[in-house]
Amino acid sequence: MINPIHRPLTLAATLILCISAASALELGDPAPQLQVDAWLKAGPVKITSGHVYVIEFWATGCKHCLRGIPNLTALQRQYRDQNVHVVAISSSDPSRQVLQEYLHQIGDLIDYAVAYEDNDQRPTRKAYMDALKLRSIPHAFIVDGRGRLVWEGHPHFGLQPALAALLAGTTDVAELKRIGDGARERKLRQRRATRALVDRYLKLSAESYQPPEVATLAEQILSDAGSDDPTALNSVAWATLSQSDLKYRDLRFALRAAKAAHDACGGADPEIVHTYAYALFYNGMIDEALEQEHRARSRTGSRNSLRQMIDDTIARMEKTRRQRN
């Protein structure tokens, strides 16, 4: 027999367990509705039958979120006529004003619905991310035409193939996961191969003033990264410009890589725009560099340390321009 003195505690514990079980979420379950504080672009969006939803959690302070913006815009434009709705929810930005200013600066680069959720309450983040014990962003979910949550994962790895399969008629949750996981592994292998090329390029550049393979490696990096890996392109460009131990420094290659990274992310990530500005500067294009650096500053969002670094760089560039004039 339960001691009556302990019964209130037992009932409270039982209630907590019931609430926890009710808040759990699994693939195949009905998707929670979107309860946000404000729709800042397009919207409001309500989950209804007959429509498919791609829901991403992101923030302006997350560089990998920003680097995926062109991909989400491309998805929305490609599948808009098939009742697909892309929704990006920020529940990590420090204020609604920070997010609004970033959206103003990048304009039509985002061509999908954007919502702000106050980070004190965050009911939608709790219903999706917390319910699945997910912490890192960006993270995306697909809701099918029956209102079921059918896929979740990193939006850069597997989202597009899983969405395409769903729209082509695949409804089995396990099969959508298999398709997404396969695409993720293939892309990760490609990115690891590109990183290996970057590492070799920088190693050879540090060893010799005229390394024999670097021209071939440079072209291969640009080709393999293409428009799909702005992180690798930005990494090799920045290292080529700033790594102190390099004996060989191809500033033209750094500019090409930085420009490719900039174009791949549409200029959405201020860190990549900053690298592009640096590359322009070191190639003698000071006016163009300052233009890009000011653009980078306007897109820093909540990244205060990056904004300060860009301010310092602008001051140095302007000083150099005055000296040359």
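Just to be sure before I move on: is Ile106 out of contact with any Ser or Thr (no Cβ under 6 Å at 6 or more places or on another chain), among the β-branched types (Val, Ile, Thr) and open to solvent by 10 Å² or more (accessible area, probe 1.4 Å) in the structure I sent? Taking the combined requirement at face value, the residue satisfies it. One residue stands out among those in the range 170-206 that are within 18 Å of the chain's Cα centre (by Cα) and open to solvent by less than 30 Å² (accessible area, probe 1.4 Å): the one that is farthest from Ala254 (Cα to Cα), which is Gly180. Number of residues in the range 146-159 that are open to solvent by 30 Å² or more (accessible area, probe 1.4 Å) and over 14 Å from the mean Cα position of the chain (by Cα) equals 3. Of the candidates Arg200, Arg184, the single residue that is under 30 Å from Phe141 (Cα atoms) and of a type outside the set (A, V, I, L, M) is Arg184. Candidates in the range 34-58 are the residues that are buried (at least 20 other Cβ atoms within 10 Å of the Cβ) and over 21 Å from Trp151 (Cα atoms); of these, the one that is nearest to the chain's Cα centre (by Cα) is Leu40.
For Ala74, the criteria (1) under 20 Å from the mean Cα position of the chain (by Cα); (2) farther than 22 Å from Arg307 by Cβ; (3) in contact (Cβ under 8 Å) with a residue 60 or more places away in the chain hold in every case but one, which is (3). Every residue in the range 265-307 that is open to solvent by 50 Å² or more (accessible area, probe 1.4 Å), farther than 16 Å from Phe253 by Cα and among the hydroxyl-bearing types (Ser, Thr, Tyr), please. Scanning the range 265-307 gives a single hit, Ser305. Could you please let me know if Ala260 is out of contact with any Phe, Trp or Tyr (no Cβ under 8 Å at 6 or more places or on another chain), under 30 Å from Arg192 (Cβ atoms) and either in contact (Cβ under 8 Å) with a residue 40 or more places away in the chain or open to solvent by less than 10 Å² (accessible area, probe 1.4 Å) (or both)? Here the answer is no, as Ala260 does not meet what is asked. The number of residues in the range 78-103 that are in a strand (DSSP E or B) and either open to solvent by 10 Å² or more (accessible area, probe 1.4 Å) or not β-branched (Val, Ile, Thr) (or both) comes to 3. Considering the range 104-120, the residues that are touching a residue at least 60 places away in the same chain (Cβ under 8 Å) and in a loop (DSSP other than H, G, I, E, B) include one that is nearest to Ala296 (Cα to Cα), namely Ile110.
Scanning the range 312-325 for residues being surrounded by 13 or more Cβ atoms within 10 Å (Cβ to Cβ) and closer than 18 Å to Trp238 by Cα gives a total of 3. For Leu167, the requirement of being at pLDDT 95 or above and surrounded by 18 or more Cβ atoms within 10 Å (Cβ to Cβ) is not met. Does the range 127-138 contain at least one residue that is surrounded by 20 or more Cβ atoms within 10 Å (Cβ to Cβ), hydrophobic (A, V, I, L, M, F, W, C) and either in contact with a strand residue (DSSP E or B) (Cβ under 9 Å, 6 or more places away or on another chain) or within 23 Å of Arg256 (Cα to Cα) (or both)? Yes: the range 127-138 contains one or more residues that are surrounded by 20 or more Cβ atoms within 10 Å (Cβ to Cβ), hydrophobic (A, V, I, L, M, F, W, C) and either in contact with a strand residue (DSSP E or B) (Cβ under 9 Å, 6 or more places away or on another chain) or within 23 Å of Arg256 (Cα to Cα) (or both). Ala193: small (Gly, Ala, Ser) and more than 19 Å from Ala31 (Cα to Cα), yes or no? Here the answer is yes, as Ala193 does meet what is asked.
How about the range 296-305: which of its residues are closer than 17 Å to Cys265 by Cα, in contact (Cβ under 8 Å) with a residue 40 or more places away in the chain and among the basic types (Lys, Arg)? Hit for the range 296-305 is Arg299, nothing else. Residues in the range 284-305 include none that are assigned to a helix (DSSP H, G or I) and closer than 26 Å to Gln210 by Cα. Looking at this structure, is Asp144 touching a helix residue (DSSP H, G or I) at 6+ places or on another chain (Cβ under 9 Å) and under 23 Å from Ala42 (Cβ atoms)? Spelling it out, Asp144 is indeed touching a helix residue (DSSP H, G or I) at 6+ places or on another chain (Cβ under 9 Å) and under 23 Å from Ala42 (Cβ atoms).
The values are calculated or read from the model by the stated rules, or taken from the named source; none is laboratory data. On a predicted model such as this, the values are computed, not experimentally measured, just so you know. Don't worry about glycine lacking a Cβ; one is built from the backbone with ideal geometry, like all the others, and counts go over all protein chains shown. Just so you know, the surface numbers come from the protein's heavy atoms only, side chains and all, with ligands and any DNA or RNA stripped out. Shrake-Rupley method; radii C 1.70, N 1.55, O 1.52, S 1.80 Å.
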